[in-house]
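In what follows, a single structure is set out as structure tokens and then discussed.
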Amino acid sequence: MSGWSNGTYNESYTSFLLVGFPGIQEARALLVMPFLSLYLVILFTNALVIHTVASQQTLHQPMYLLITLLLAVNVCTATTVLPAMLFSFSTRFNRISLPQCLGQMFCIYFLVFFDCNILLVMALDRYVAICYPLRYPEIVTGQLLAGLMGLAATRSTCIVAPVVVLASRVRFCRSDVIHHFACEHMALMKLSCGDISLNKTVGLTVRIFNRVLDMLLLGASYSRILHAVFKISSGGARSKALNTCGSHLLVIFTVYSSTMSSSIVYRVARAASQDTHNLLSAFYLLLPCLINPIIYGARTKEIRQHLVTLLQRTQKQVSTEKPQSLPSHRELPG
């Protein structure tokens, strides 16, 4: 970065140093094993449920395909953040260029909003399945799901793109050290040396407007669903519908509560250390990735049954594989 020109900076930093947890900078290598273990658990649990749905023809239905897509997004979110974090912890090489930083910022926020949009599509799917069960096969088709996923991706892009584009126009001349494990928007904006009121306003407005809109749509959908469920005469069908909706509502609560708690603490508890804020950011990004496959694997009866069958088959194969016995001394050559 160059120096001054007529009392002002004429250049800004084009690369940055990511310092994930500045309070424990000297001991950050100790964080490698906990976060590596977390990443491996996220990969294993999500991949196990995805494999179960993909390998069972009976699960090739819209609801299970949406669950698979949601878990795939979980894997992408964790992969966007954790490998780079682990690499920086273990090698101390944590410099990132501005284009890479903006690219990571876009990917993180896009995946977060895409995750929420999938939950909206799942709410619509359950609404049609429960309120219009006879017409469900002709309404919820593969073509409709593809269109809704395209719409979800477009909406996520339109939400995130303005924030990233505005960030790309900011001059960063205050420092080249980002006190965060990833290129989070406000962590990057703290390095600016100009007026960023527009960036703050757009970022906050986009987040609040879309969160409120999502909650209204989800509330309206599930209130109609629950109203229809309690009118079902069959006790077994009612119980199955409530169990399915319960799983979706648990996932919705996990995703939105973690996001909102992180935002609230960031704006209210300003006296908290940077490490605390960073830990909460990791919490809101990674908790859904860890919890979602457990919820769907344990609470969704059809997935749970196939998971149990898969694990029993694997265990049986392992137990029937007898190790080859070593030859006795009489059979040894020579």
Scanning the range 170-190 for residues that are part of a loop (DSSP other than H, G, I, E, B) and closer than 20 Å to L279 by Cα gives H179, H180, F181, A182, C183, E184, K190
Within the range 48-82, which residues are open to solvent by 50 Å² or more (accessible area, probe 1.4 Å) and either among the aliphatic types (A, V, I, L, M) or part of a helix (DSSP H, G or I) (or both)?
H51, A54, S55, Q57, T58, L65, L69, C76, T79
How many residues of the range 27-43 are under 28 Å from L120 (Cβ atoms) and open to solvent by 50 Å² or more (accessible area, probe 1.4 Å)? The answer is 2
Identify, from the list R270, R313, the residue that is assigned to a loop (DSSP other than H, G, I, E, B), among the charged types (D, E, K, R) and either at pLDDT below 85 or open to solvent by less than 50 Å² (accessible area, probe 1.4 Å) (or both).
R270
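Taking the range 137-148 as the region of interest, how many residues are open to solvent by 30 Å² or more (accessible area, probe 1.4 Å) and within 29 Å of the chain's Cα centre (by Cα)? Walk me through how you get there before you give the answer.
Let us first name the residues in the range 137-148 that are open to solvent by 30 Å² or more (accessible area, probe 1.4 Å), namely 137-139, 141-144, 146-148.
Narrowing the set further to residues that are within 29 Å of the chain's Cα centre (by Cα) leaves 139, 141-144, 146-148.
Selection size over the range 137-148: 8.
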Counting just the residues of the range 192-246 that are of a type in the set (F, W, Y) and open to solvent by 50 Å² or more (accessible area, probe 1.4 Å), which one comes out nearest to the chain's Cα centre (by Cα)?
F209
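Return the residues of the range 1-21 that are surrounded by 12 or more Cβ atoms within 10 Å (Cβ to Cβ) and either at pLDDT below 75 or under 19 Å from T80 (Cα atoms) (or both); say none if nothing qualifies.
Pass one, the range 1-21, residues surrounded by 12 or more Cβ atoms within 10 Å (Cβ to Cβ): 1, 9-21.
M1, Y9, N10, E11, S15, F16, L17, L18, V19, G20, F21, listed by residue number.
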On the given criteria, is M122 within 16 Å of N292 (Cα to Cα), surrounded by 19 or more Cβ atoms within 10 Å (Cβ to Cβ) and modelled with pLDDT under 95?
yes
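The values are calculated or read from the model by the stated rules, or taken from the named source; none is laboratory data. Owing to the predicted nature of the structure, the values given are computational and were not obtained by experimental measurement. Ideal geometry is used to build each Cβ from the backbone, glycine not excepted, and the neighbour counts take in all protein chains shown. Keep in mind that these areas ignore ligands, DNA and RNA; they rest on the heavy atoms of the full protein, side chains included. Shrake-Rupley method; radii C 1.70, N 1.55, O 1.52, S 1.80 Å.
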